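First comes the structure, then the notes that go with it.
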Amino acid sequence: MKIILASGSPRRKELLAQIELPFEVITKEIDETLDNEGSLRDQIETLSFKKALAVFQDHKDRIVIGADTLVTINNERLGKPKDEEDAYRMLSELSGKTHDVITAVSIISPKMSETFSSVSMVTFYPMSDKEIREYIASKEPMDKAGAYAIQGLGAKYIKGIVGDYYAIMGLPIGEVYHRILKHFE
């Protein structure tokens, strides 16, 4: 059975390639507005399911993987920054504090459908105004949830993590691998 990654994220594509199962990327536009029903974890799981289902409806003979990641601090959602000032606001909020990263994954195949999520905690070192401005000038924060990339230049600001490093990047690849195997049985 063939696998489809229903995500345009280059990081998710790189991570999925690490498990050495052939796959292709197919995405569909969906409304990504969170509905504010249930917990943030429930909402992000619903969104990952919508992404997977939108692609699965046209490819019902495949295994489809949909995913989404949400950065939260003090119950505030930190999506991708709208502009440099929004990135500055987010990074200032994260500086010296611990926040949550929720990555939800849905796997749909002709045999079954499942949705799960991984919650990791990330702690930042305090960042000076100069460090925040220099990091924003690198442009790395501009297309990342929470305005940082743990696997990129943002790594130097990470004091510690509790949870799955790969989930923070966008896909808890070990868990995805073991769950995909059930779809091949």
Taking only the stretch 121-145 into account, find how many residues are open to solvent by 40 Å² or more (accessible area, probe 1.4 Å), in a helix (DSSP H, G or I) and at pLDDT 95 or above. 6
If the Cβ limit is 6 Å and pairs must be 6+ apart or interchain, which residue in the stretch 165-185 that is touching a residue at least 60 places away in the same chain (Cβ under 8 Å) pairs with which residue that is open to solvent by 30 Å² or more (accessible area, probe 1.4 Å) and in a helix (DSSP H, G or I)? Met169/Arg11; Gly170/Arg11; Pro172/Tyr166; Ile173/Tyr166
For Ile161, are the conditions met, namely being assigned to a helix (DSSP H, G or I) and in contact (Cβ under 8 Å) with a residue 40 or more places away in the chain? no
May I ask you to list the residues in the stretch 72-120 that are touching a Gly at 6+ places or on another chain (Cβ under 6 Å) and modelled with pLDDT under 95? Leu78
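The values are calculated or read from the model by the stated rules, or taken from the named source; none is laboratory data. Keep in mind it's a predicted model, so treat the numbers as computed, not measured. Using ideal geometry, Cβ is built from the backbone for each residue, glycine included, and neighbour counts are taken over all protein chains shown. The area values use the complete protein model at the heavy-atom level, side chains included, leaving out ligands, DNA and RNA. Shrake-Rupley method; radii C 1.70, N 1.55, O 1.52, S 1.80 Å.
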